[in-house]
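Structure first, commentary second.
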Amino acid sequence: MLGRGRRRNNKGRSHSRGRSHSRGRSHRQGTNKRRNYSSRQVQILLAPWRGPVAALTTVIVGGAAGYRLTEGWDLGDCLWMVLITISTIGYGEVEPLSPEGRLVTILIVVGGLLVVQLSIQRVLGLTDSGYFHRLREHGLQRMLQTMRDHVILCGYGRMGQEIASQLQKDAVPLVVIETDPTRRTVAEANGLKVLQADATLDETLIDAGLERCRSLVVALPGDASNLYVVLSARGLRSDCRLIARSNSSEAASKLRLAGASVVVSPYVAGGRVMAASALRPLAVNFMDLLSGSDFEIEEFQLSQAPEDLRMVQGRTLAELELGRLSGAMVLAIRDRDHLIANPGGEMQLGPGQLLIVLGTKKQLVVFQELLGDAVDTIEVMQG
């Protein structure tokens with residue numbers, strides 16, 4: 001399901017301390033490496049401007065010192081005279097100039113012309129060398145480093161564009177990875193942040209914020225590329241939710257073996273929707289109605305740990321008053337292999353149960369707070 005994202009609580013029971021320590025060390029090493037790379041990039045971007053800035057500084061300081069020595073003015077008047085001379089504003093002299101002061105003015109004018117010419121040539125050269133493109137890329141990289149709980153979308157083809165459109169409607173932060181410059185232009189025109197790079201590379205996924213993202217959606221046209229991205233992402237972050245596209249049942253099974261959380265085939269999914277529209281049109285209409293509302297369906301996975309369930313263990317829905325206090329509705333409860341639809345108030349909560357709940361975002365937040373530590377993980381399908 002492409003509209004789903006994962007939120008985890010702070011307990012993190014699914015990982016051992018040793019693996020967490022190892023991942024934390026790898027994360028620190030990766031962070032330090034990216035910080036050093038960013039520092040080098042800043043130095044490279046600043047390098048072309050050091051010459052013009054140094055020349056301009058020399059003219060200003062040298063001119064102010066010349067007026068100070070020849071005319072004896074205070075520093076403020078000296079700097080003001082240099083600035084109006086270089087800028088050719090020509091407000092007039094601060095004081096009548098001596099012959100030596102006029103020589104200083106001539107030198108300032110000549111130096112200013114040289115600096116302006118040097119700056120113009122440098123800007124033209126930077127435009128031809130792609131400097132401003134690199135500057136824009138650096139700004140994007142800095143922005144990506146601040147993003148949290150976002151979705152990474154690999155591929156902006158027809159399917160990727162539809163996925164991005166749905167996520168934008170729900171105001172979900174989104175980063176697109178695309179290699180095609182034309183598609184990148186289209187994505188940026190639609191207000192998306194685009195990283196033009198190869199999604200199969202580990203560095204690309206790390207730059208896109210894989211360690212901080214909500215989920216990764218792989219919608220590349222080729223099954224081999226999708227499989228490679230899933231393998232890379234699962235190796236970099238074992239707890240990331242991965243949604244992958246497949247064009248065949250064989251590719252779907254391989255993607256699941258590679259670690260994909262959800263595999264979607266456009267042809268299979270489209271066929272099922274069309275069949276459901278023919279057989280159960282009311283159900284399909286309900287999902288369409290839900291997608292255009294403020295309501296969401298969330299799955300609350302209860303913990304297996306007795307100490308976390310002490311407040312809800314063995315208590316019924318009526319005793320907990322979850323519906324009345326939160327306003328959310330429990331649609332179903334999955335207890336092991338049994339699915340209990342529309343559970344009554346006498347239904348008791350127990351370890352490992354999965355609660356499927358319908359409500360607004362505010363109602364679902366209250367519902368989660370009422371359950372407290374009993375909630376292990378949450379899955380949300382946004383409406």
Check Asp376: other-chain or 5+ apart residues with amide H under 5 Å from its amide H, H built from backbone geometry? Gln301, Leu302, Ser303
Run the quick spin-label model on Val109 and Trp80: label points 7 Å from Cα toward the beta carbon, then report their separation in nm to one decimal. 2.2 nm
Applying the Karplus parametrisation 6.51 cos²θ - 1.76 cosθ + 1.60 with θ = phi - 60° to the phi angles of the stretch 155-169, what ³J(HN,Hα) value in whole Hz is obtained for each residue in order, glycine and proline being reported as x? x, 10, x, 4, 5, x, 5, 5, 4, 4, 4, 5, 5, 5, 4
Once Glu188 and Ser249 are pulled to full extension, the length gained, defined as 0.36 nm per residue separation minus their Cα-Cα distance, is 18.6 nm
If I model a spin label at Leu331 and Gln117 as a point 7 Å from the Cα along the Cα→Cβ vector, what separation in nanometres do I get? 7.4 nm
Roughly how many nanometres apart are two label points built 7 Å out from the Cα toward the Cβ at Thr57 and Lys362? 5.6 nm
Can you figure out the FRET efficiency of Asp373 with Glu211, using R₀ = 22 Å and their beta-carbon distance, to the nearest 0.05? 0.30
Sequence neighbours fewer than 8 away in the same chain don't count; with that in mind, list the aspartates and glutamates whose C-alpha is under 17 Å from Lys361. Asp149, Asp170, Asp294, Glu296, Glu298, Glu299, Glu369, Glu379
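Bear in mind these aren't lab numbers, they're just calculated from the coordinates by the rules spelled out. These numbers come from a predicted model, not from an experiment. Don't worry about glycine lacking a Cβ; one is built from the backbone with ideal geometry, like all the others, and counts go over all protein chains shown.
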